[in-house]
Every structure is written in structure tokens, then in C-alpha cells.
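Let me begin by presenting the structure, written as C-alpha cells, before commenting on it.
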Amino acid sequence: SLSWFSHTHNMSFNSPASIFPVLYSVISCHAWNGDRTQVAVCPGNSQIHVYETNGEQDVKKWKKIHELTDHDHLVTCIDWAPKTNRILSCSQDRNAYVWDLGENGKWNPSLVLLRINRAAVTCKWSPEENKFAVGSGAKTITVCYFESDQNWWVGKPTKKVRFRSTVLSLAWQPTNNQVLASASSDFKCRVIGAHLKNLEKEKIAPFSKTLQEYTAEGWVHDVAFSPSGKYLGFVSHNSTLTVVNMDTKEAVSVPYPSLPATRLLFLSDDNVVIAGHSYSPELFTRDGDNWVYKGRCDHGQYKAGGTGNRSSVRSAFMKFQKIDSVGTQNIGHAIQTRHENSINGLQVYKKDGDNVTEFTSCGIDGRLLFWEAKKCIDEAKL
Amino acid sequence: EKKKKTLNIMSSVEKKEAAIAEAQQKIEERKAKVKNLLGSDALGALKASLEDPPKVSDLDTKRKSAEVVGEVLYKNTDKDDIEKLINGLNTKEQDILMQYLYRSMEAAHIITNNDWKQYNSAILFRWHATLLSIAGVGSIVRTISNKKSA
């Protein structure tokens, strides 16, 4: 199918902006609270805006309730702990803050002592929310915990793990509070231990020990565990998804035909979506020990004022066939995906037990869009 | 001790030369295999030509390897044939074919030898366009990011 061509022919002046309203000019990251009634978004600057959505998917009906402005530079990552209701944010200003909701209804920041000399790029709360990890351009991961007698968050860098470049993404294994997977621009995905003796008695994964290491042929952009923790997936810049079976430690690399993805999200132990530079989530399904590329979830059927009918896709398909044989490029209507630029965030929105039923994506086109897992799985089969 | 050091340097050069010689030997074998299948089984010839790409970084070896693939590419020039053949390949073979297409388009050795009869860019681009529509831009991304490409 020629549906992946759409990235080359997206024209912003044909944009159906009225159908999918833009929240900002660019979004760098977003995070939902525990019951999915509020969302924290960074509009590509040093601020974090918190919206009350009340379950609405139309961004025009959202109400901005907070503006957190303590960071000095771009906020690179936000993570909202669902149980303890704390917001963790990290920024290119080499700082991270933990925000607590005070009695007066305002978010109070506590500075985290990271002691890094480069930008903080990614941050994630552990499953039990008593510690978190921050990945940075200083080629380290800093695991932070609350030092109660000094009343601040202290960071412990994983010195024994030799990263050769920026740590781009992190993921905690959901089953225990100690195994941490990292994605780095030194072409490697490393699974390391993050046990802290003042927090955990049982040592499952010793601190700063590299448990597993996998090499890719490009920057490893994002890493994620499946809901049960059985599978570990990472996307690399050579348009390949690699999934590791954590029981056998075997890795399976699956190449896909579109531009590289920068994010991935496991919908269950059998389905995973990736999203990135091809402007649309794409689905992979597990078949025994193999993972198979199923297709894009967004084939770009949306035109301004249209409801997305199949004949418009067919005529676009014919147009590309004609271009291929005639050799000219005369494109009147571009195939419009819902996102008009790269997707840089995927977050779980609704779950049914352990499986994800709805998820959201944010992109550098400034949109925050909702996706239904079942619809994505059906659409990708076309 | 100095003598030992010079001996070690020599052996690494010798190792490289041995690897190149071995790769070129394999290319000769592949060339013969492809020649046998070229008339009868087009898909078999294509698959055989894409087998076992040389892992040495010697440009001369890589170009010789691309010539073997070139023989199959120039034999099948009809658009429908090309589509059928590419659809018969698996994803890995399609990636290797994309790498060989870019290597064939380099044509540097043909320019230096001034032997233009060996090079037909129209056919190479026809293969490239069809392969692109089937394998997607991902195959080009993998060609660029692959350090040890064919």
C-alpha cells in the first residue's frame, strides 16, 4: 500500500484544523493524572500548563487551571504519578522538580538535586512512586528518592553504567520496583538495576548493574515494557522495532516501511503501537515469538469538511499510481493524517484491566489527539 | 619487543587482505550461481544474487558484488516483472536490494573505466521506484543507517 507516502505530501494550507483543533503551535510532552480528568502539557517552552478536561476530547472545551513556570528552559518530560498525585518534570535547565498539590490548591515545586551538567531529557516515576529516574545529556541516569530528614529529593547517578551518549528515554518494569530500561543515542538499549537500600529490603536488581544490553543500528529513541512486564520493546532510528522476551532474553527485530518512530506504547502483551516521524501510530501484533507489522492506524482520510470516506482514499491511491507511471507531481489534495507533523508523545488514557483501550498522542504540530485501541487494531488491518 | 609489534601490524593487514580475498572468492561463486539461474528462474537468480552480501569495507569488493546483482537487474526490465520479483522477496532481501541499488547508482568505477554500456540509470530508477512503493521509505532509512551496507 502507498499509505506511508503521506508524510511527503502534507501541506499545511490544506489543513483540516477545524476538525482537529490545535492546542498550541508545538507540544513537547504531556502527562495525565490518575483518573484522567486533568492533563499537564508543555507548549514547547519552559512552562507546564495543567488543564481540566472533565473527560472531554475536544480541546476547545478544556479549562486551563494551572501554569507552572519554575523551569528556566524547555521542559523535556512530564510524568504524573497516579496514586500519590505528584507531578515530576525535567527540563533543559538541568533541573527536575517534584510538584505537590498544596492545601490551597496550588502546585508547590521541590527542587531535585540532580547534579548534572547537561539537559535533563526524560523522567519516570517508579511503579510504587517512591522514587524516580531522570535520564540526561550528561550520559547518566539519576535515580532519585526523598531524603526525609533533609526534606528534599536526592539523586544517585548510575555511575557504573557506561553510557556513551544522551539517555533519551526510560521505562520501569511494572512488576518490580527495581528494573529500569533505558534508551540511549549511543545505539544501545540497556536494562539496569535501580535498587536503593534505604527503600527496598529485597535486592532483585543491584544498583547501577547492567542486566541486559541490546544494540541497534540507530539512536534508540524510546523503550517500553508490556503491561505484564514480559516483553520489552524499543524503537530505533533505522525504522526498526525490537522486542525482547524478558524470560528468554531473546530479541526480535522487526523492520517497518515508514519513517522512524520516536515513541512506542504496548496496548497489551500482544499489540504494540509506535509513532513518530510518519505522523501516525502504527501497529505490530505478536504471532507466537514473532512480531508482525500490521500497518498504519491513520491512513489519512481526513479532508477539511469531510467525514473520511473511502473513495477519497481510493482516488488518492490512483493519483500516486498515476504519478509513478507518468513521472509528474501534481497533487491537488494531500492525504491528511490527523497529526500534521511528528508525534513525540504517547500516553495511556483508558485501561481495561492491564490492557490499554484508549491512548493519547501529542505532536510538534501542537495537537493532542485521542485514539481507541480497538479502532487502531481494526484500521491497521486494511 | 619492537620486532613483535611490527609483526602484529603486518598480521592485521594480512587478515584484512585475506578477508577481501575470501569475499571476492564468494562473489565469484555467487556470480556463477546467478549465471546458471538467469535464463530459467528469475526470482531464484535475484535471491541468489542478494545472498550473503560482503562484510568487508573494501569498495572494490562491494562494487564487484553490486555487478552480480546488476546482471539480474538489467535482465528484467519490464515493470510488471520487476514488481513480481520484488514481491517474491522477504523484507531482509528487499533491504539488501535497496542497498545494492544505491551502490549500483554510484557508477564511480564505470565512470573511471568509461564503460557506459554497463550502466543504465533508467532501469536502476525503475527498480528503485517499484522497490520504494513496496518496501517503503523505511528501506532507504535502513540503507542510510546501516554501517555495514552492501
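Side notes on the structure shown:
- Ranked packing of B:13-24, B:62-73, A:255-266, A:207-218, most packed first, by mean Cβ within 10 Å: A:255-266, B:62-73, A:207-218, B:13-24
- For chain B, a crude dipole built from +1 on the beta carbon of Lys and Arg and -1 on the beta carbon of Asp and Glu, taken about the Cα centre, is about 680 debye to the nearest 20.
- The residues of chain B expose, per residue, 58 Å² of accessible area to a 1.4 Å probe.
- For A:CYS123, the residues 5 or more places off, or on other chains, whose built amide H falls under 5 Å of its own are A:GLY135.
- With both labels modelled 7 Å from their Cα along Cα-to-Cβ, the A:LEU111 to B:ASN146 distance reads 5.1 nm.
- Shielding by partners - mean other protein chain Cβ count within 10 Å, residues of B:126-134: 2
- Cα gyration tensor shape of the stretch A:52-181, rounded if a/c is under 1.5, else prolate or oblate by comparing a/b with b/c: prolate
- Over all projection directions, the Cα-based convex hull of the stretch B:53-135 averages an area of 5.2 nm².
- Part-to-part distance (alpha-carbon centres) for the stretch A:234-291 and the stretch A:28-94, which is given in Å: 27 Å
- Share of carbon and sulfur in the accessible heavy-atom surface of chain A [1.4 Å probe, %]: 46 percent
- Shielding by partners for peptide A:253-260, expressed as the average number of C-beta atoms from other protein chains within 10 Å of each residue's C-beta, is 6.
- Residue-normalised accessible area of chain A, expressed per residue, 1.4 Å probe, Å²: 43 Å²
- With a Förster radius of 22 Å applied to the beta-carbon distance between A:LYS63 and A:SER25, the computed FRET efficiency rounds to 0.60.
- Taken residue by residue and averaged, Cβ atoms of other chains lying within 10 Å of the Cβ of A:230-239 number 2.
- Cα pair distances exceeding 28 angstrom across the stretch A:147-296, given as percent: 21 percent
- Backbone phi angles across the stretch A:215-229, fed through the Karplus curve with coefficients 6.51, -1.76 and 1.60 (θ = phi - 60°), yield HN-Hα couplings of 9, 10, 9, x, 3, 8, 7, 8, 9, 8, 9, 6, x, 7, x Hz in residue order; Gly and Pro are listed as x.
- P(r) weight above 45 Å for the protein assembly as shown, C-alpha pairs, percent: 24 percent
- Chains B and A together bury roughly 1100 Å² of accessible area, counting both sides, with a 1.4 Å probe on protein heavy atoms only.
- Taking amide H positions as modeled 1.01 Å from N, with prolines and chain starts lacking one, the residues under 5 Å from A:TRP153 and 5 or more places away or on another chain are A:LEU113, A:GLU147.
- The fraction of accessible area contributed by carbon and sulfur in the stretch B:63-141 is 50 percent, rounded to a whole number (1.4 Å probe; ligands and nucleic acids excluded).
- Ranked by the mean number of other Cβ atoms within 10 Å of their residues, highest first, the peptides B:139-146, A:247-254, B:90-97, A:88-95 come out as A:88-95, B:139-146, B:90-97, A:247-254.
The values are calculated or read from the model by the stated rules, or taken from the named source; none is laboratory data. Computed from a prediction, not measured in an experiment: that's the story for all the values here. We place every Cβ from the backbone using ideal geometry, glycine too, and count neighbours over all the protein chains shown. Keep in mind that these areas ignore ligands, DNA and RNA; they rest on the heavy atoms of the full protein, side chains included. Shrake-Rupley method; radii C 1.70, N 1.55, O 1.52, S 1.80 Å.
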